[in-house]
Every structure is written in C-alpha cells, then in structure tokens.
1. Determine if segment 76-84 includes at least one residue that is farther than 25 Å from THR161 by Cα and out of contact with any helix residue (DSSP H, G or I) (no Cβ under 9 Å at 6 or more places or on another chain).
2. Of the residues ALA230, ALA245, ALA160, only one is closer than 25 Å to LYS126 by Cβ, crowded, with 16+ Cβ neighbours inside 10 Å, touching a Lys or Arg at 6+ places or on another chain (Cβ under 8 Å) and of a type outside the set (Ser, Thr, Tyr); which?
3. Taking THR45, is it loosely packed, with under 15 Cβ neighbours inside 10 Å, within 16 Å of ligand 1 (Cβ to nearest atom), farther than 21 Å from LEU187 by Cα and free of Cβ contacts under 8 Å to residues at least 24 places away in the same chain?
4. Looking at VAL92, is it aliphatic (A, V, I, L, M) and touching a Lys or Arg at 6+ places or on another chain (Cβ under 6 Å)?
5. Step by step: first the residues of segment 123-169, then only those that are on the phi > 0 side of the Ramachandran plot and modelled with pLDDT under 95, then the one that is farthest from ligand 1 (Cβ to nearest atom). Which residue is that?
6. Does any residue in segment 95-109 that is closer than 15 Å to PRO69 by Cα and more than 11 Å from ligand 1 (Cβ to nearest atom) come within less than 6 Å, Cβ to Cβ, of a residue that is acidic (Asp, Glu) and modelled with pLDDT of 95 or more six or more places away or on a different chain, and which pairs are these?
7. For segment 169-204, which positions are closer than 30 Å to GLY148 by Cα and either within 16 Å of ligand 2 (Cβ to nearest atom) or in contact with an Asp or Glu (Cβ under 7 Å, 6 or more places away or on another chain) (or both)?
8. Hey, can you tell me all the residues within segment 93-135 that are touching a Pro at 6+ places or on another chain (Cβ under 9 Å), part of a strand (DSSP E or B) and away from ligand 2 (no atom under 16 Å from the Cβ)?
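The values are calculated or read from the model by the stated rules, or taken from the named source; none is laboratory data. Bear in mind the structure is a predicted one, so any value in this text is a computation, not a measurement. Backbone-built Cβ (ideal geometry, glycine too); neighbour counts: all protein chains shown.
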Amino acid sequence: MESKIFITLLLVGLAAQSLAKPKGKSSKLPEFLKVCYRDSPDLNTCARSSFESLEPRLMNGIPELYIPPMEPLRVPEIKMDQDSGAIYLHSVYKNVKISGISKHTLHNLTIVPSQLKFALGITFPKLKLESQYSIKGKIMMMPMLGDGNCKVELSNITVATEMIGEEYKKDGATHLKIKEIKVKYELADVHMQLDNLFNGDKALGKRMNDFLNENWRSLSEEVRPLMIKALVDILRASVDKLFDAFSYDDLLPSMKM
Ligand SMILES: *[C@@H]1O[C@H](CO)[C@@H](O)[C@H](O)[C@H]1NC(C)=O
Ligand SMILES: *[C@@H]1O[C@H](CO)[C@@H](O)[C@H](O)[C@H]1NC(C)=O
C-alpha cells in the first residue's frame with residue numbers, strides 16, 4: 001500500500017512566545033530545579049521527584065527551561081496534509097487549545113547516563129482539544145468539507161517516549177542533542193464534534209460526525225504516523241532547545257566534579 005503523509009506543524013507561536021531565550025547573558029538553571037547527579041545510585045528517584053516538583057509550575061510554563069504554559073497549551077496553527085489511501089485530507093487548525101495536560105500520571109522516568117538514554121511513560125486521563133478548523137478532502141471515499149469550530153476529547157492517552165542523546169562541544173562545554181527518538185501512544189477513546197460541516201448542512205454534518213465517532217479507532221490508526229511525526233518533532237525541538245541552552249554538566253552534573 002502506497003502511503004504518503006505530509007505534515008507541517010507551525011510551532012512558530014510556541015517558539016516565539018515561550019521558547020525565547022531567557023533574559024541574561026549565560027543561561028543558568030533556575031534555582032527551583034532539583035539537581036540530580038548522573039552518577040548517583042538514586043538518579044531515577046531524584047529525576048522523578050525533580051519532575052514532580054516542576055509539575056505545579058508547568059501550568060504557567062517555565063520560560064527558563066523553554067517550557068510553554070501547559071494548561072492550557074496553545075498552538076497558533078497546525079496544518080495537516082494526509083494522503084494514505086483511505087484518508088485524503090487537507091486540514092488547518094487555528095487557535096488550538098489543549099487542556100488536561102496538567103492532570104497526568106507519570107508511570108516511569110528513566111535516565112541511563114551510560115547510554116545517554118531518557119525514557120518517559122505518562123498517561124493523560126482526558127485531553128480536550130478545541131480549535132477553529134478548515135477541512136477539505138475525502139475520508140473512506142466520502143467527501144469531507146467544512147470550516148468552523150471543532151472539539152476533540154481523548155481519553156486515557158498513554159504516551160511513551162525514549163530518547164538517545166549524543167554529545168557535542170559548544171564554547172568548550174559538553175552539550176547533548178537528540179540522536180534518536182521513539183514515541184508511541186495508545187488511546188482508550190476519542191470523541192469529536194466538527195461544527196458547520198458541508199456549509200452548515202445539519203443532516204450531513206451529523207451523519208459525518210456520527211461516522212467519525214463510530215470509526216475513530218480505524219481512523220486514528222490512519223493518522224497515527226502523522227501524529228507520531230508531530231509528537232517527535234515537538235519533543236525533539238523542545239528538548240534540543242533545552243540541551244542547547246544548558247550544558248550536560250549543568251543539567252545532570254557528576255558528583256565527582
Ligand atoms: C514506561 O511506561 C510506558 C507507558 O506505560 C510503557 O509503555 C513503557 O514500557 C515503560 N517503560 C519502562 C522502562 O518501564
Ligand atoms: C480510563 O482509565 C480509567 C482508570 O484505569 C478507567 O476507570 C476508565 O474507565 C478509562 N476510560 C476509558 C474511556 O477507557
């Protein structure tokens with residue numbers, strides 16, 4: 001099966017508002033960050049409690065760590081072009097608001113310094129996405145057309161990611177960047193509502209929404225590669241930004257230093 005997928009994620013807004021370089025000449029880790037030592041036997045316990053102590057701050061964002069406000073997370077625009085046979089769609093989502101990120105369960109957070117490996121598993125019981133959308137194309141042979149507001153609710157989404165870093169030198173210091181990144185996710189349920197489909201034709205619009213909600217499982221498999229790519233791009237950009245701003249010794253010092 002020939003399958004083509006294109007995605008353009010405009011993260012410009014995220015980058016501009018929150019990933020801007022913090023004030024001051026050289027970047028210093030914020031003092032509220034609990035420092036963990038890479039050669040400590042308690043590294044993973046420490047990493048977990050460091051993550052947990054950051055959680056309350058995630059809601060408003062942590063500009064020092066290039067983390068945008070997470071509750072809600074706002075993305076100015078997401079464009080998706082998909083041509084996978086069953087789904088042929090051009091879609092644009094504007095003013096995307098994602099709520100529910102702050103309510104999550106961390107399953108694991110593992111750092112393996114000898115492999116520069118970082119792994120994370122997290123579940124979000126409920127994520128709500130609201131945005132303005134514009135869609136044109138075909139889903140399973142049916143024409144799909146609309147623009148208006150849309151809402152999507154995702155239940156029990158579990159995301160697991162594994163990143164392998166590599167070292168490089170910058171201004172005499174060792175920094176990391178992502179060499180390999182793997183992301184996977186599972187969803188328990190999806191509910192969506194697209195207003196104003198087919199130029200406001202209520203009967204057609206309802207039929208399409210019912211169809212989407214009845215078939216979300218197979219449809220979500222169709223968009224999985226696109227979603228994975230989006231998640232990978234977002235994670236890679238954010239983590240590399242952090243790694244670029246702080247040296248490896250700043251982020252994860254050695255006890256021997
Ligand atoms: C971490 O949690 C995720 C999600 O539950 C799981 O898929 C992954 O295998 C776990 N990783 C480890 C190292 O336990
Ligand atoms: C989500 O997970 C919780 C806890 O495991 C469970 O009680 C709930 O029924 C799940 N929701 C869905 C929609 O599967």
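1. Looking through segment 76-84, at least one residue is farther than 25 Å from THR161 by Cα and out of contact with any helix residue (DSSP H, G or I) (no Cβ under 9 Å at 6 or more places or on another chain).
2. Details: ALA230 fails: touching a Lys or Arg at 6+ places or on another chain (Cβ under 8 Å); ALA245 fails: closer than 25 Å to LYS126 by Cβ.
Going through ALA230, ALA245, ALA160 in turn, just one is closer than 25 Å to LYS126 by Cβ, crowded, with 16+ Cβ neighbours inside 10 Å, touching a Lys or Arg at 6+ places or on another chain (Cβ under 8 Å) and of a type outside the set (Ser, Thr, Tyr): ALA160.
3. Working: loosely packed, with under 15 Cβ neighbours inside 10 Å: yes; within 16 Å of ligand 1 (Cβ to nearest atom): yes; farther than 21 Å from LEU187 by Cα: yes; free of Cβ contacts under 8 Å to residues at least 24 places away in the same chain: yes.
Answer is yes for this residue.
4. On the way: aliphatic (A, V, I, L, M): yes; touching a Lys or Arg at 6+ places or on another chain (Cβ under 6 Å): yes.
Spelling it out, VAL92 is indeed aliphatic (A, V, I, L, M) and touching a Lys or Arg at 6+ places or on another chain (Cβ under 6 Å).
5. Here the answer is MET141.
6. If the second residue must be acidic (Asp, Glu) and modelled with pLDDT of 95 or more, the pairs left are LYS97/GLU130.
7. TYR185, GLU186, LEU187, ALA188, ASP189, VAL190, HIS191, MET192, ASN196
8. Of all residues in segment 93-135, those touching a Pro at 6+ places or on another chain (Cβ under 9 Å) come to 94-105, 128, 130.
After this cut, where a residue has to be part of a strand (DSSP E or B) as well, the list is 94-99, 105, 128, 130.
Hits for segment 93-135 are LYS94, ASN95, VAL96, LYS97, ILE98, SER99, GLU130.
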